[in-house]
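So the structure is just underneath, and the comments pick up after that.
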Amino acid sequence: MEKLLEEFSLGLFFWQCLLFGLLLFLLWKFAWKPILNAVNEREDGIKDALAAAEDAKKEMQNVTADSEKLLKEARAEREAMLKEAREIKDKLIADSKEQAKVEGDKMLKQAQAAIESEKKAAVADIKSQVANLSVDIAEKVIKEQLSSKEKQLKLVEDMLGDIKLN
Amino acid sequence: MSRYFTRFLLVMALLLSANSFAKENETSSESGKDLKTEIKEYIQHHLKDSHDFSLFSYTTDAGEHKYVGFPLPVILWDNGLKVFSSSKFHHGETLAEVDGNFYKLYHSKIYKTDAQGTINYDEAHHPTNAKPIDFSITKSVVMIFITGLLMFLLFRGLAKSYTKNNGIPTGVGRFFEPIVLYIRDDIARPNIGEEKYKRYMPYLLSIFFFIWFLNIFGLTPLGVNVTGNIAITFALALLTFLFTNLTGTKDYWMHIFDPLGDTLPWYGKLFLYPILIPIELLGVIIKPFSLLIRLYANMQAGHIVLMSLIGLMFLFKSWLGSPLSFGLAFAISLIEVLVALLQAYIFTMLSALYFGFAAVEHDHADAH
């Protein structure tokens, strides 16, 4: 202890107090304060950024959920529209088919009627021509057959024979 | 980070090797005394403060002492201020005459003597000559100043780099910022508490780096034993003491003057407190006193061990002994680098702990 006291130098103690006090003051003001503030600021910044990132993540999730919902709705709507369109198309086709059939039938009938009348006209024509022809032929045959007496007689006999049969 | 750390280690290793080299030079020769006492005296001399900044000395062939270094101003208060250069002492070899007074440098202390420079001793071989009050700018004062300047430039630079670089330190600040954060997060916060740690931070940071840097400088070739000087550690411990007690809360003082609180009725306290209160008051002083002694003793012991081992190299003078003690000295040097950091840490840590006691605020009833 005595040795320690002997070693103690008042001058050095004085200088140490003075210089260290000065150093403490200067560092306090010009170094530690700005350093600690900057570090705190940075840490707060990091904290804020993390919180913001978390918020953004949540927001993102919300947005994704929303868009998924929207997408689903849109898909459903599209399907509904497609279905409707298909129905309309089917109906249109069916309608037009039916109409076409009706029209065709109608036309067919008209055609058949026309053919029928034409046929009738033709048959009538043929009949008259056949009648004329057969009259002509009959005239000629008769003229031939009745050219002689015997033949006229024979005819009369045959006819009479036929009438009997009838 | 690791790149800087490697560079730091490299520089330290260089400084350490230069350190032992410088000391080899110093101890090499002195005629008259035997080597053992010479080494002992040299170590004694080194541990003390010095009035001039000498790096090493040697003796020429003509037997003349040569010192490499520079003198420092001596400031004495002896019935008036007396300022002169320490070169007047010629490293204690001559008397300094100032205004008709004679001063002699004896074991690193300045005594007032007569014209012949006689030193009178008492029975215990202590000089009885008058000692003028010595405010000299000694080697230690120079080192304190240099360390302070270095710290200011370093940490001012760190502070500035934040604004310049968007809150990210650059250069050497990258090495020191984690240490600053460590002191904040692992020393101040847990010991003092979240609400109050901020006002103690500047002091804790200052003492940590101050002690650490000076410890490290003590291991360099400059070889100044600043933190191993009782006046320095006393001043630092005094500051911790003052900070602790000037910022003490009501609870802190209650804890000293009424340690048992409501757990004991007043008539019981009447018997116990005459013993307890002096113990508590003694504790207030012993806490910083332990800081003072711990730092002083550790640094002093480190320097003694290291220099003794270096001294052994010259005593052995053999192919086996000298390399062995060199190896030991090198190993101890490395340990001393660790001790330098450790002691700074312990001083800061315990200061923070005491501040924590002083800043305590709690409900007395449930805390005991």
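A short reminder: the numbers here are calculations on the coordinates, not readings from a lab. The model shown is predicted, which means the values in this text are computed figures rather than measured ones. As a convention, Cβ positions derive from the backbone with ideal geometry for all residues, glycine included, and neighbour counts pool all protein chains shown.
The table that follows gives values for the structure above.
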quantity: Order of B:Val305, B:Val226, A:Val135, B:Val141 - criterion: other Cβ atoms within 10 Å of each residue's Cβ, fewest first; calculated: A:Val135, B:Val305, B:Val141, B:Val226
quantity: The protein assembly as shown, dipole about Cα centre (Lys/Arg Cβ +1, Asp/Glu Cβ -1), debye to the nearest 20; calculated: 1140
quantity: Within chain B, helix-based [θ] at 222 nm, where runs of 4 or more DSSP H residues each add -39,500 (n - 2.57), nearest 500; calculated: -20500 deg cm²/dmol
quantity: Sorted by Cβ density within 10 Å, fewest first, the residues A:Lys33, B:Lys109; calculated: A:Lys33, B:Lys109
quantity: Lysines with Cα under 20 Å of A:Lys72, excluding same-chain neighbours fewer than 8 positions away; calculated: A:Lys83
quantity: Alpha carbon centroid spacing (whole Å) that separates the stretch B:69-127 from the stretch B:221-279; calculated: 39
quantity: Estimated inter-spin distance, B:Ile119 and B:Leu35, nm [label 7 Å along Cα→Cβ]; calculated: 2.7
quantity: Rg/Rh ratio calculated on Cα atoms of the protein assembly as shown (Kirkwood radius); calculated: 1.81
quantity: Per-residue mean of C-beta atoms belonging to partner chains within 10 Å, peptide B:142-151; calculated: 3
quantity: Test item: A:22-29 mean partner chain Cβ contacts at 10 Å; calculated: 6
quantity: Ascending count of other beta-carbon atoms within 10 Å, so fewest first, for A:Lys127, B:Lys269; calculated: A:Lys127, B:Lys269
quantity: Calculated diffusion of chain B, Stokes-Einstein form, Kirkwood radius summed over Cα pairs, 4 °C and 1.567 mPa s, µm²/s; calculated: 54
quantity: Alpha-carbon spread of the stretch B:181-277, three principal axes, descending order, Å; calculated: 63, 31, 18
quantity: For the stretch A:1-104, alpha-carbon Rg and Dmax in angstrom; calculated: 42.4, 139
quantity: In the stretch B:265-368, the GluC sites (Glu not before Pro) that fall in loop regions by DSSP, at most 12 other Cβ within 10 Å; calculated: B:Glu361
quantity: Shielding by partners - mean other protein chain Cβ count within 10 Å, residues of A:33-46; calculated: 5
quantity: When each of B:Lys112/B:Lys139; B:Lys36/B:Lys88; A:Lys29/B:Lys287; B:Lys109/B:Lys139 is checked by Cα-Cα distance, pairs over 25 Å; calculated: B:Lys36/B:Lys88; A:Lys29/B:Lys287
quantity: Residues A:Glu84 and B:Asp185, FRET efficiency given R0 of 56 Å [Cβ-Cβ distance, rounded to 0.05]; calculated: 0.25
